[in-house]
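The values are calculated or read from the model by the stated rules, or taken from the named source; none is laboratory data. The shown structure was predicted, so the numbers you read here are calculated from the model rather than taken from an experiment. Cβ placement follows ideal geometry from the backbone for every residue including glycine, while neighbour counts extend to all protein chains displayed. Ligands, DNA and RNA are stripped out before the accessible areas are found, and what is left, the full protein with its side chains, is counted by its heavy atoms. Shrake-Rupley method; radii C 1.70, N 1.55, O 1.52, S 1.80 Å.
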Amino acid sequence: MVDNSIPRHWPKTSYDPKYDPIIDAGPGHNRDHAPTYWIGTAGTPPADDGPVSGDMEADVVIVGSGYTGLSTAIHLAKEHGIQAVVLEANTVAWGCSTRNGGQAQISSGRLKRSQWIKRWGVDVAKGMHREVSEAFELFNDLIASDDIDCDPQTGGHYYIAHREKVMAGLQNESDLLNSTFGYGSRIIGKDELHAEHVNDQESHGAMWEPDGTCIHAGKLAFGYVNMARRLGVKIHTGSPVMGWETKNGIHHVRTPGGIVKTKNVALATAGYTPPGLNSKTKHRLMPILSNSMVTRPLTQSELDECGIKTMSPLTDTRTLRHYYRLLPDNRVQIGSRSAVTGRDAENDKHLQLLRANLARKFPALEDINLDYSWWGWVDVSHDMMPRIFQPDPDKRIFYAMGYGGNGVMYSAQAGRRMAQLVAGKKDEAFNLPIFTSPLPSHGLLTPFRRMGQRMAYVWYYLKDEVI
Ligand SMILES: Cc1cc2nc3c(=O)[nH]c(=O)nc-3n(C[C@H](O)[C@H](O)[C@H](O)COP(=O)(O)OP(=O)(O)OC[C@H]3O[C@@H](n4cnc5c(N)ncnc54)[C@H](O)[C@@H]3O)c2cc1C
């Protein structure tokens with residue numbers, strides 16, 4: 001059992017809504033969680049081991065206490081008998097892992113199966129499908145354990161056509177999924193969708209995938225904390241890693257409270273990776289803001305009008321998808337693109353855009369009061385796929401990141417894979433491209449990324465709404 005009598009280490013500084021990973025040196029020091037629905041309803045955060053206080057040693061240091069870092073620690077302990085120390089700059093699971101939409105889907109990264117085939121050919125694409133299927137099994141096993149009580153709502157994933165013209169593409173993708181990958185997706189027509197599943201007023205039908213589970217994001221993170229600590233993992237919050245020097249193969253990892261000496265460093269910092277943390281992760285990800293809001297509980301007549309008869313994950317076919325769901329307490333959550341910079345994140349126009357898009361789907365919710373609104377930085381890699389990799393064979397440094405907004409489910413497996421890398425226990429799955437190459441660099445385009453992002457948003461708007 002976890003010893004909850006250990007004093008908790010409450011944050012010393014408040015949440016910073018303007019934080020921007022491209023501009024700021026790091027994600028902060030012992031900051032409070034973002035004011036999300038998940039943090040508001042998950043109950044008291046579990047105890048952790050507080051800030052590093054004095055120099056210490058560890059077999060493995062994991063940087064970042066989100067799903068990836070915690071899963072790495074859990075699998076190092078469970079499958080390899082290795083005790084890791086997790087170092088977290090702020091409060092536990094402070095990054096995306098307590099800010100997301102809680103939608104577990106059978107994917108990793110932003111590409112569809114047809115795009116996998118185009119990029120790598122059918123055989124590799126089938127290998128990737130096996131990898132994400134195995135990942136979903138692992139995720140299901142984890143959330144069924146006694147340590148984790150994250151209110152899972154199963155029922156598959158609905159990929160909803162926001163315009164009629166995208167239905168043909170969904171039909172092709174579904175046919176490919178079923179014929180090439182032996183999967184059981186199906187197309188749902190507009191009338192059936194509205195009557196039986198969700199009365200989304202702008203939808204024209206959907207592709208349904210049998211794997212899709214909604215969870216409580218905060219309870220999942222806290223459950224991982226409980227599991228990791230039960231297995232003997234130390235989780236030091238309020239301990240930002242400021243960098244490290246390597247002497248004779250030993251990394252001297254610097255935190256404000258002391259130096260941690262270790263042979264292995266595993267980076268699980270995702271969209272919050274500071275540019276100065278390590279040369280192998282510098283500018284390898286594009287942090288993109290995603291925002292999310294949660295309404296007050298719906299009345300029965302609002303529920304009837306919206307006709308949301310499932311609590312499964314719903315996403316639409318826009319390039320920058322809307323992800324939405326009915327929560328168990330009858331609130332609706334919806335999220336999508338947000339500001340380009342952290343400094344602009346609080347600008348009300350981003351929230352108003354999301355509200356307007358909710359009203360297009362569910363006119364009955366046009367003026368509904370909101371109880372929660374927040375945002376977070378998604379880790380988008382240059383080629384839209386994650387990497388779990390050791391970037392320099394001579395240095396025992398590893399990373400797992402780049403899920404592009406699809407990490408709730410796959411981060412469990414990515415952590416397990418990173419644990420295998422650290423333990424030197426690769427299997428044949430490690431021949432897949434997400435394990436054999438580094439995160440691609442943005443190269444000469446690095447200084448112009450945000451300019452490109454603004455232009456891309458205009459193009460996505462035209463493509464998704466006008467043309
Ligand atoms: C608004 C939003 C909605 C999303 N919705 C979904 C969804 O519905 N489904 C889905 O699959 N995915 C979704 N995602 C993505 C998903 O949340 C992430 O893929 C996942 O949580 C990544 O977990 P992680 O552990 O890799 O990173 P994070 O949870 O981001 O953790 C990284 C941690 O590293 C810490 N850190 C950074 N630098 C340092 C340092 N120098 N020293 C110490 N610690 C450091 C940070 O403080 C942070 O806590 C969403 C993301 C956002 C922002």
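Take Asp191 and Gln352, extend 7 Å from each Cα along the Cα→Cβ direction, and tell me the distance between the two endpoints in nm.
With each label placed 7 Å out from Cα toward Cβ, I get 4.0 nm.
Report, to the nearest whole %, how much of the accessible area of the range 71-154 belongs to carbon and sulfur atoms, 1.4 Å probe, protein only.
Summing carbon and sulfur atoms, their accessible area is 45 percent of the total for the range 71-154.
Extending each Cα 7 Å along its Cβ direction at Trp459 and Thr299, get the distance between those two points in nm, one decimal.
4.6 nm
Scan around Val86 for amide H atoms under 5 Å from its own, H built in the peptide plane at 1.01 Å from N, and keep only partners 5 or more places away or cross-chain.
Distant-sequence amide H within range of Val86: Ile62, Lys234, Ile235, His236.
Would you mind getting the Kirkwood hydrodynamic radius of the range 424-467 from its Cα pairs, rounded to one decimal in Å?
13.8 Å
Which of the three applies to the range 173-264, rounded, prolate or oblate, going by the alpha-carbon gyration tensor with a ≥ b ≥ c and a/c under 1.5 meaning rounded?
prolate
Restricting things to alpha carbons, tell me how big the range 388-460 is in terms of Rg and Dmax, in Å.
15.5, 45
Met56's amide H: which non-local residues (gap 5+, or another chain) put their own amide H closer than 5 Å, with H modeled 1.01 Å from N in plane and none for Pro or chain starts?
Long-range HN contacts for Met56: Ile259, Val260, Lys261.
Compactness ratio of the range 289-351: Cα Rg over 2.2 N^0.38 Å, N = residue count?
After normalising by residue count via 2.2 N^0.38 Å, the value is 1.26.
Compute the accessible area per residue over the chain, keeping the other protein chains in place, probe 1.4 Å, unit Å².
Result: 40 Å² of accessible area for each residue.
Working out 0.36 nm times the residue gap between Arg450 and Ser14, then minus their Cα-Cα distance, what length gain in nm do you get to one decimal?
My answer for the length gained is 154.2 nm.
Please report the carbon-and-sulfur percent of the accessible area for the range 169-252; probe 1.4 Å, protein heavy atoms only, DNA, RNA and ligands left out.
That share works out to 45 percent.
Over the Cα atoms of the range 1-128, Rg to Rh with Kirkwood Rh, two decimal places?
1.04
Label-point separation (nm) for Lys261 and Ile467, each offset 7 Å from Cα along Cα-to-Cβ?
5.9 nm
Compute the Kirkwood hydrodynamic radius of the range 100-157, taking the inverse of the mean of 1/r over all pairs of distinct Cα atoms, and give it in Å to one decimal.
It is 13.0 Å.
Under the Karplus relation 6.51 cos²θ - 1.76 cosθ + 1.60, θ = phi - 60°, what is the ordered set of whole-Hz ³J(HN,Hα) values for the range 118-128, x standing for Gly and Pro?
Couplings: 4, 7, 10, x, 5, 5, 5, 4, 5, x, 5 Hz.
Under 19 Å from a point 7 Å along the Cα-to-Cβ line of Asn248: which residues of the range 364-401 have their amide N that close?
Of the residues in the range 364-401, 395-396 have backbone N under 19 Å from the label point off Asn248.
Restricting to DSSP H runs of at least four residues, report the calculated mean residue ellipticity at 222 nm for the chain, -39500 (n - 2.57) per run over all residues, nearest 500 deg cm²/dmol.
After summing the helix terms and dividing by the residues of the chain, the value is -9000 deg cm²/dmol.
Using the C-alpha gyration tensor of the range 248-339, what are the square roots of 5 times its eigenvalues, in whole angstrom, with the largest one first?
They are 43, 16, 11 Å, listed largest first.
Quick one: which residues, 5+ away or cross-chain, put their amide H under 5 Å from the amide H of Phe362? H built at 1.01 Å from N.
It is Gln201, by chain and number.
Using the Kirkwood radius built from alpha carbon pairs, what does the Stokes-Einstein equation give as D for the range 308-467 at 20 °C and 1.002 mPa s, in µm² per second?
The Stokes-Einstein estimate is 115 µm²/s.
Counting only C-alpha contacts under 8 Å and six or more residues apart, can you give the relative contact order of the range 338-467 as a whole percent?
22 percent
First measure r as the distance between the Cβ atoms of Thr154 and Asp427, then evaluate 1/(1 + (r/R0)^6) with R0 = 35 Å and state the FRET efficiency to the nearest 0.05.
My answer for the efficiency is 0.80.
Could you tell me what % of all Cα pairs in the chain have separations over 41 Å?
Counting every Cα pair in the chain, those more than 41 Å apart make up 13 percent.
Whole-Hz ³J(HN,Hα) for each residue in the range 65-81, computed from phi via Karplus 6.51 cos²θ - 1.76 cosθ + 1.60 with θ = phi - 60°, x for glycine and proline: what do you get?
Going residue by residue, I get 10, x, 4, 5, x, 5, 5, 4, 5, 4, 6, 4, 6, 6, 9, 10, x Hz, with x marking Gly and Pro.
What whole-number distance in Å separates the alpha-carbon centres of the range 73-135 and the range 284-363?
The range 73-135 and the range 284-363 have Cα centres spaced 23 Å from each other.
Report ³J(HN,Hα) in whole Hz for each residue of the range 35-49, in order, from the Karplus equation J = 6.51 cos²θ - 1.76 cosθ + 1.60 where θ = phi - 60°; Gly and Pro get x.
Using θ = phi - 60°, the values come out as x, 8, 4, 5, 5, x, 10, 7, x, 5, x, x, 5, 10, 9 Hz.
With all protein chains present, how much of the accessible area of the range 258-300 (probe radius 1.4 Å) comes from carbon and sulfur, to the nearest whole percent?
Accessible surface attributable to carbon and sulfur in the range 258-300 totals 55 percent.
If we count GluC sites (Glu not before Pro) as exposed when they sit in a DSSP loop and have at most 16 other beta carbons within 10 Å, what is the longest stretch of the chain that avoids them all?
Maximal segment without exposed cleavage sites: 1-201.
Sorted from largest down, what three extents in whole angstroms do the Cα atoms of the range 351-433 have along their principal axes?
Reported extents, whole Å, longest axis first: 57, 24, 21.
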